[in-house]
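Encoded as structure tokens, the structure appears first; notes follow it.
Just so you know, all these numbers are worked out from the coordinates, no wet-lab data involved. Only a predicted model underlies this, so the values are computations on that prediction, with no experimental measurement involved. Ideal geometry is used to build each Cβ from the backbone, glycine not excepted, and the neighbour counts take in all protein chains shown.
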Amino acid sequence: MANRIDEKFAELKAQNKKALITYIVAGDGGYELTEKAVLAMEQAGVDIIEIGVPFSDPIAEGGTIQMASQRALQRGTTLKGVFEMVARLREKTNIPLLLMLYANTIFRSPDFFDKCKEVGIDGVIVPDLPFEEHDEFKASADANGIYNISLVTPVSHDRIKKIAKVAQGFLYCVSSVGVTGVRDKFSTDFDKFFGEIAESAKIPYCVGFGIRDGETAHKISRHCNGVIVGSAIVNKVAEFGQDAVPEITKICRELRAGLDS
Amino acid sequence: MEKIGRFGEFGGQYVPETVMNAVSELLEAYEHYKNDPVFIQELHDLYRNYAFRPSLLYYADKMTKDLGGAKIYIKREDLNHTGSHKINNALGQVLLAKHMGKKRVIAETGAGQHGVATATVCAYFDLECEVYMGREDMERQALNVYRMELLGAKVTGVDSGTATLKDAINEAMRDWATNIETTFYCIGSVMGPHPYPTMVRDFQKIIGEEAKKQIMEAEGKLPDCVVACVGGGSNAMGIFYDFIPDTSVRLVGAEAAGRGIDTPDHAATISKGDLGIFHGMKSIFLQNDEGQIAPVFSISAGLDYPGIGPEHAWLHSTGRADYVAITDEEAVQAFEYLSKVEGIIPAVESAHAVAAARKIAPTMRPDQIMIINLSGRGDKDVQQIARYRGVNING
């Protein structure tokens, strides 16, 4: 069976468009808010959505997503609850959905990838599972047709080649060293970084970490096939709580316009 | 794919891609320098002339007579410069950082002993040093915070999560990912991604090597039992390692049972934990059914960690070492006991080992020998013990 992520990128390529990928922490403000936000983001022109499964100790995240994870956990968010939420969403949308979560969450859930397939998850992003540990979950992910999205960073250098070789779906390019969060500026030499990536990548590559508005999305998109926006969305939930959906729609429209301009 | 840095199924390199290049660079540098005669000589000179090694192996005559079982020797790591075994590892790693051309060193600390040791060696080598410490630990170990600042280090409080050791490690890892090209992360225990568990054990194994030589000189035979406290497990790996092939030597780790392992307030990872992946390694962790890392509790900030080094998990799984859980109350009693009986005030961490020894030694014969690793001195803990006992010493 074809993966929705591949289908989406084929569709975008045919339309000559860049991918807009967004991230939201599941259960931040409650499952219902997350569900509404996911559907609103699709309506506002988002192509792929990453759903963060909150973890007690998210070492790759900056303050924004750390706090969102903590809020979600305090509300009693669980992996089981996230799967149920995704199952409800799948009745309403065909948008590619990924789970972003830490290795221990998968490790402690023996039927994790079967559940992913059952509810309609297309891929996972595991920030603490580098190339060296890539085969930890490979067999069960492959058996269920779930992609494991690989990350590369500006300090990956000669690792990019071997990472690109095993990458599925799209390559997640981290714009700058450090943790997630909006940034005022990027210090990475993008021409060099994306030069290295373009040489190795046989699949689309998208950029995340630090993209905060339509303008930054527009500027960075000339280097890649799409952008990933997380903290800027999560900030809206932090700021507006249950009233965040219109604000999320607004920023997604702005990002879409930035990418399409 | 070939798996590196494993102890059985435990260990590995479960860290974000951003730090993987630095981890690989560290591995390469460590593999080179550990066999470099110049580096080895420098380190041993520092051990001898700066850290005051070899540390004494002290025969605890009164304790032996009082407990009426095994002959008890105490390995006096508390007499090292900076007051604990942590200096052994800090010297090794910061010397390595210096050779690698790094200008900035970061560390996490729980009780503050590793932070103090790292700050000390950074002062010695003129390197910038920043130490992450949980806010709660800063309060219970205020003296060590001041010591680190005195040594020129910046101490950064961590408020996230439980504001203790695991959160300090999270924050140090985030700093490392952000300043990856200039910064060396000096991990304080036998934990984290490969090569840290192996490297830190190698820098600590001198404890066991000395102890073996010293006990052979004093008694002409191997000990029957070696006891050490275990948080992440660096002092225990340090004294255990050289005895692992000597299967007649029983190895015992004492972990923190806090208010008791049947309460939620403990840090007894081996007793109550499960296999998981966290802080760069596959090992045993205290966690809930969905793999969320559990809050932990211990009177000892140095043992207040929800995981254990992968080599300990392996020693446990193979049955080579035993792990026992010691409550706060037992540790405080042992703290007072060693102070009164031998005139040695142990760190509250090390008091867990003393408490385990008090249980095990009476079950042994007088012709048998036990070595307790006294990993640190207790000056830093006096105020907290007084508070635990309800004594106000602040006037």
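Below is a table of values for the structure above.
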read-out	value
For the range A:104-174, size of Cβ-based charge dipole, Lys and Arg +1, Asp and Glu -1, in debye	240 debye
FRET E, pair B:GLU28, A:ASN144, Förster distance 41 Å, beta-carbon r, rounded to 0.05	0.65
Cα-based helix-to-principal-axis angle, B:165-178 vs chain B, degrees rounded to 10	20 degrees
Residues B:ALA386 and B:TYR124, FRET efficiency given R0 of 30 Å [Cβ-Cβ distance, rounded to 0.05]	0.35
Within the range B:125-191: Cβ-based charge dipole about Cα centre, in debye rounded to nearest 20 (Lys, Arg +1; Asp, Glu -1)	180 debye
Eligible aspartates and glutamates near B:LYS212 by straight Cα distance, threshold 15 Å, same-chain separation 8 or greater	B:GLU77, B:ASP224, B:ASP242, B:ASP246
Between 0 and 90°, nearest 10: helix B:86-99 axis offset from chain B longest Cα axis	20 degrees
For the protein assembly as shown: rounded, prolate or oblate by the Cα gyration tensor [a/c cutoff 1.5]	prolate
D_trans [Stokes-Einstein, Kirkwood Rh over alpha-carbon pairs] for the range B:69-212, 25 °C, 0.890 mPa s, µm² s⁻¹	160 µm²/s
Lysine pairs in the range B:51-200 with Cα atoms under 29 Å, if 8 or more residues apart or on separate chains	19
Using a Förster distance of 30 Å, the FRET efficiency for A:ASP189-B:MET100 (Cβ separation, nearest 0.05)	0.80
Considering only the range B:245-335, percent of DSSP beta bridges that pair antiparallel, nearest 5	55 percent
Isotropic mean projected area of the C-alpha convex hull, the range B:6-132 (nm²)	10.9 nm²
Cα gyration tensor shape of the range B:220-333, rounded if a/c is under 1.5, else prolate or oblate by comparing a/b with b/c	oblate
For the range A:114-261: rounded, prolate or oblate by the Cα gyration tensor [a/c cutoff 1.5]	oblate
DSSP-loop trypsin sites (Lys or Arg not before Pro) across the range B:136-240, with at most 15 other Cβ within 10 angstrom	B:LYS221
Separation in nanometres of the label points that stand 7 Å from Cα toward Cβ, at B:GLU329 and A:GLU239	5.4 nm
The range B:93-167: translational diffusion in µm²/s, Stokes-Einstein, Kirkwood Rh over Cα pairs, 25 °C, 0.890 mPa s	203 µm²/s
Lys pairs under 25 Å by Cα in the range A:121-231, provided they are eight or more residues apart or on distinct chains	14
Rounded to 10°, Cα long-axis angle of helix B:348-360 versus longest principal axis of chain B	40 degrees
Antiparallel bridges, percent of DSSP beta bridges restricted to the protein assembly as shown (to nearest 5)	20 percent
Assigned charges on the beta-carbon of Lys, Arg, Asp, Glu; chain B dipole about Cα centre (debye)	860 debye
